[in-house]
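Beneath this line is the structure, given in structure tokens, with notes to follow.
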Amino acid sequence: MRRCRSTFVSLALLCAMLVFAPTEAKAQACCAAASAVTPARLSLHERWLAGLELRAQGVLGAYGAEGGFVSVPDGASEQGFTASLLAAARVTRRLQLAGVVPWQETRRVAPERGEVGGGFGDVNVGARYDFVHEHEYRRWPGVAVLVGTSLPTGRAPERAKKSLATDATGIGAVQMHAAVALEKRFGHWLVGATGLVAQRLPRTVDGLSTTLGTQVSALANVSYLFPNLAAAALSAAWSREGDATIDQVLAPNTGRTALQLAAAGVYPLSSRVRLQGSVFVTPPAAFFGANQNAVAGGSVAALVAF
Amino acid sequence: MGVRSLATLLFAGAALLSGCSSSPSSEDALAYPATAISSLGTYAIEATVDGGAPIVRGVHGVALRVEPLVGGVSAEGLAITIQPWMPAMGHGSPYDGAVLEVGDGDYRAQEVSLFMAGRWELRTTIGPGGERATLSFDVR
């Protein structure tokens with residue numbers, strides 16, 4: 001029974017975390033949000049996990065520096081597709097490591113021109129340490145610390161070979177993340193909250209030194225756990241990034257804001273194989289973001305765990 | 001109904017309820033054509049993108065008009081380089097083409113990729129001293 005309950009909870013948490021996970025980073029290389037902290041998550045009884053996730057999204061428009069929203073103009077469009085290999089391994093009862101290797105394809109159409117390009121993206125690796133497991137104490141929530149990094153293994157936009165930079169698959173900089181995650185179950189419901197801080201290291205392009213601002217993110221999610229170990233989750237993720245520094249000078253109105261809403265589900269095919277999926281949207285209306293694209297899309301994934 | 005249409009419908013109500021505009025606020029917009037003074041005050045530069053405002057994402061030619069602000073300085077025969085850059089995203093776009101002189105202070109950059117909506121800069125160096133100037137555009 002304990003194992004069943006642990007699986008129950010972990011599936012829901014996995015569902016929620018994967019909603020929050022690499023949406024931005026994978027789909028829009030240049031707009032990588034600091035959310036790839038837990039690419040895949042192990043249940044307490046699992047020792048390792050591997051899987052494949054397919055993700056697709058379309059750009060709805062863009063937010064200006066002060067929150068104004070403009071739809072994609074006539075004759076232009078953009079879609080992104082990402083296939084990611086996911087893996088996780090348990091080191092100790094409380095510590096697990098995870099990684100994501102993405103392959104990205106982008107189709108970008110501008111008036112009078114269109115192209116498709118892609119390649120390997122930025123690899124994400126992360127670690128999660130559960131100081132308190134969700135079920136460990138009756139009154140305490142689960143408490144975990146997560147750290148991660150995104151490595152610039154993809155191609156930065158300015159190094160792209162194609163004219164619309166569809167073969168850009170990375171941000172060109174190392175990105176570091178740290179987060180605290182809380183989770184608590186109430187009957188069939190599981191509630192979680194995650195706070196995250198991310199920082200990208202400085203990078204230099206053609207003598208131009210840039211450091212993006214520190215990013216702070218918050219995720220709230222609620223999941224419903226079904227008796228067959230399936231789970232459904234709703235989540236909202238908000239992030240705010242400070243202004244960038246260019247050539248040691250703070251560049252005003254370059255900070256970014258994003259709100260993403262998502263619904264996700266997990267369905268166990270067997271004790272070792274599970275399917276999961278999600279749909280997500282950045283609200284395409286003014287003041288839900290700044291200096292960002294608004295996107296909508298979905299993902300499906302198959303995971304095998306032992 | 002595509003994903004874009006569905007999402008737009010879902011959130012159109014929220015935007016209406018909150019009184020949000022679906023277009024950028026006036027303080028959001030930059031003046032066009034873009035103008036800048038070089039870092040030592042030697043040149044004034046004006047940049048216009050083919051097609052004019054609003055600038056739509058894509059690959060464009062950019063015309064640069066250089067006016068000397070200091071006596072005895074010529075606007076002709078200048079070495080000019082540009083780096084298209086998105087400051088909010090921390091990246092640029094591929095551009096390794098030369099800036100060609102048209103004559104009488106006019107220069108032209110071909111095939112400048114402004115592939116994403118948002119604020120773009122042309123980080124420009126000009127003249128024998130390598131003076132810097134930044135020309136900003138909003139792209140939609």
Residues (closer than 22 Å to A:Pro252 by Cβ and of a type in the set (S, T, N, Q)) located in the stretch B:69-101: B:Gln83, B:Ser93
Failed criterion for B:Asp104 (all others in (1) free of Cβ contacts under 8 Å to residues at least 12 places away in the same chain; (2) farther than 26 Å from A:Ala165 by Cβ hold): (1)
A:Gly277 being within 9 Å of another protein chain (Cβ to nearest Cβ) and either in a loop (DSSP other than H, G, I, E, B) or touching a strand residue (DSSP E or B) at 6+ places or on another chain (Cβ under 6 Å) (or both): no
Of all residues in the stretch A:280-293 being in contact with a helix residue (DSSP H, G or I) (Cβ under 8 Å, 6 or more places away or on another chain) and in a strand (DSSP E or B), the one that is farthest from A:Leu42 (Cα to Cα): A:Asn293
Breaking point among (1) modelled with pLDDT of 95 or more; (2) under 30 Å from A:Pro202 (Cβ atoms); (3) within 13 Å of chain B (Cβ to nearest Cβ); (4) out of contact with any Lys or Arg (no Cβ under 6 Å at 6 or more places or on another chain), for A:Lys161: (1)
Among the residues listed as A:Asn253, A:Asn228, the single one being closer than 30 Å to B:Thr134 by Cβ and out of contact with any Asp or Glu (no Cβ under 6 Å at 6 or more places or on another chain): A:Asn253
Residue in the stretch A:257-274 that is within 14 Å of chain B (Cβ to nearest Cβ) and in a loop (DSSP other than H, G, I, E, B) present: no
Candidates B:Ser113, B:Ser93, B:Ser136, B:Ser74, filtered to the one that is of a type in the set (S, T, N, Q) and more than 14 Å from chain A (Cβ to nearest Cβ): B:Ser74
Residue list for the stretch A:69-102, filter: of a type outside the set (A, V, I, L, M), more than 14 Å from chain B (Cβ to nearest Cβ), buried (at least 22 other Cβ atoms within 10 Å of the Cβ) and closer than 18 Å to A:Thr153 by Cβ: A:Thr82, A:Ser84, A:Pro102
2 or more residues under 15 Å from the mean Cα position of the chain (by Cα): qualifying strands (runs of 3 or more DSSP E) within the stretch B:57-140: B:58-68, B:80-86, B:106-114, B:118-126, B:131-139
Residue check for B:Val70: of a type in the set (Val, Ile, Thr), loosely packed, with under 14 Cβ neighbours inside 10 Å and either out of contact with any strand residue (DSSP E or B) (no Cβ under 8 Å at 6 or more places or on another chain) or at pLDDT 85 or above (or both): yes
So A:Leu229, is it modelled with pLDDT of 95 or more and more than 9 Å from chain B (Cβ to nearest Cβ): no
Filter result for B:Thr8 (modelled with pLDDT of 90 or more and either surrounded by 14 or more Cβ atoms within 10 Å (Cβ to Cβ) or of a type in the set (S, T, N, Q) (or both)): no
First in the stretch A:268-284 and more than 27 Å from A:Gly80 (Cα to Cα), second anywhere and modelled with pLDDT under 95 and aromatic (Phe, Trp, Tyr), Cβ under 7 Å, 6 or more apart: A:Arg272/A:Phe306
Failed criterion for A:Tyr137 (all others in (1) modelled with pLDDT under 95; (2) within 26 Å of A:Gly277 (Cα to Cα) hold): (2)
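The values are calculated or read from the model by the stated rules, or taken from the named source; none is laboratory data. Keep in mind that this is a model prediction, so the values were computed, not measured. Quick reminder, even Gly has a Cβ in these numbers, built from the backbone with ideal geometry, and neighbours come from all protein chains shown.
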